[in-house]
1. What is the sum of charges around residue 339, taking Lys and Arg as +1, Asp and Glu as -1, for the other residues whose C-beta is under 15 Å from the C-beta of residue 339?
2. Which of the GluC sites (Glu not before Pro) found in the range 352-382 are in a DSSP loop and have at most 15 neighbouring Cβ atoms, other than their own, within 10 Å?
3. If you project the alpha carbons of the range 74-186 onto their three principal axes, what span does each projection cover, largest first, in Å?
4. Order 323-332, 206-215, 73-82 from most to least packed using the mean count of other Cβ atoms within 10 Å.
5. Give the peptides 230-240, 126-136, 87-97, 47-57 in descending order of average Cβ contacts within 10 Å, highest first.
6. In whole angstrom, how far apart do the alpha carbon centroids of the range 344-362 and the range 10-80 sit?
7. Express the relative contact order of the range 22-255 as a whole percentage, based on alpha carbon pairs under 8 Å and six or more residues apart in sequence.
8. Just the number, please: Stokes-Einstein D of the range 200-334 in µm²/s, Kirkwood Rh from C-alpha pairs, 25 °C, 0.890 mPa s.
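None of the figures in this text is laboratory data; all of them are computed from the coordinates on show. All values derive from a computational prediction rather than experimental measurement. As a convention, Cβ positions derive from the backbone with ideal geometry for all residues, glycine included, and neighbour counts pool all protein chains shown.
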Amino acid sequence: MESNAFKTVLNDLATPSYVFDLDKLKERMDLIKEILGDRAVPCYAMKANPFLIKPMNDYTEKYEVCSPGEYEICYRAGIDPEKIVVSGVNKTYESMTRIMDISGGKGIFTIESMEHYDILSKVCKEQDKKIKVILRLSSGNQFGMDKENLEKVLVKAKDDDGMEVYGIHFYSGTQKKLKKVEKELANLEEYAIYIRDTYGITLKELEYGPGLSVTYFETDTPIDAREQLEGLKELLDRITAYEHITIEMGRFIATCCGYYFTKVMDVKNTEDINYAIVDGGIHQLNYYGQIMGMKRPHLTLVNADGTVNEEEQNLPWNICGSLCTVNDVILKGAMFPMLSKGDCIIFENCGAYSVTEGMALFLSRELPQILFYSEKDGFTVAREMKETNLINS
């Protein structure tokens, strides 16, 4: 988004707001597909930002859905059920019956426990459907199954008329280095060979979340997206035991396209500390690794008239939100020029998780409006600002 677009936002639209740059989103997806080529297909983990699923539909082959609510969002948006991986813990009989009704059994269903197997098997029998399932291998937490339990499910599922054991799902976290990815992929290759030799099942699909890194803060060492993807492609080329590979990404796809606009509503000096109160807060702006405002994200300061402020940043400021808690510090001791009421701070790289992960209902503040931006269409409203006081009463 070019800086000359800032004035349009500030003059015509209220803050706080999220703005998602669809041109940047397309650039990121084009880069992923260019480098991974035919070796792997991208899967968008929609928990990172559910508002992007419709714009993403032309760019991604799959969506990872982790709750009944996320599935309903896809359904209303007209997403093809064939593109959806039904993932997540706490699958229930009721939710799987509903999803199977909607999808006709299309797509892929993950199994994270024997309970999941029992539920899916029952629904398949009742609806006379056969589904593709992938078994989630745990990385040592509450998600998925260890090898012993996974193989118990595997034995049952391979003889179940309602299921095709299609592959393995594995994800161990975010912001990983390629050395860890290399080790995980080698273990997953070895495990697929073991499954084939022991149980006579050739796994068709590996759904893998590499957790590639993104940079949030000015002090972070810059990480080149192309370099990471090229390294990942090199590692994927070593995998031969699976017919297909799906690369599940959320943060790596969505982060770069997001901006958070919040205006200065009040400025004051208390005991020689400069404070700026903004109309947003920590309930809406959430970065992975932020610590009480001690890290400064990449940002732009825009004057009240819509011009980018390029003055020397020579004064320490505490930038605080609108919540009645001392924890609502977005930036602490960050260097800015003199701030004034009406100035706007535009935080960058917040396209993933901020929009849904914060304490949205705290203090009954409004939910920000959500805007899409593209050079072709300019700004369009994806969601108007919403009051939360009715929800909280």
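1. Numbers: positive: 263, 268, 296, 332, 341; negative: 266, 279, 305, 310, 311, 312, 343.
Residues close to residue 339 contribute a combined charge of -2.
2. Working: sites: 357, 366, 375; in loops: 366, 375.
In loop regions of the range 352-382 (DSSP not H, G, I, E or B), the sparsely surrounded GluC sites (Glu not before Pro) are 375.
3. The Cα atoms of the range 74-186 stretch 44, 35, 21 Å along their principal axes.
4. On the way: 323-332: 16.8, 206-215: 22.8, 73-82: 15.2.
Ranking, from highest mean packing down: 206-215, 323-332, 73-82.
5. Working: 230-240: 14.9, 126-136: 18.8, 87-97: 17.3, 47-57: 20.7.
Packing proxy ranking, top to bottom: 47-57, 126-136, 87-97, 230-240.
6. 16
7. That works out to 21 percent.
8. Numbers: Rh = 18.3 Å.
Using the Kirkwood radius from Cα pairs, D works out to 134 µm²/s.
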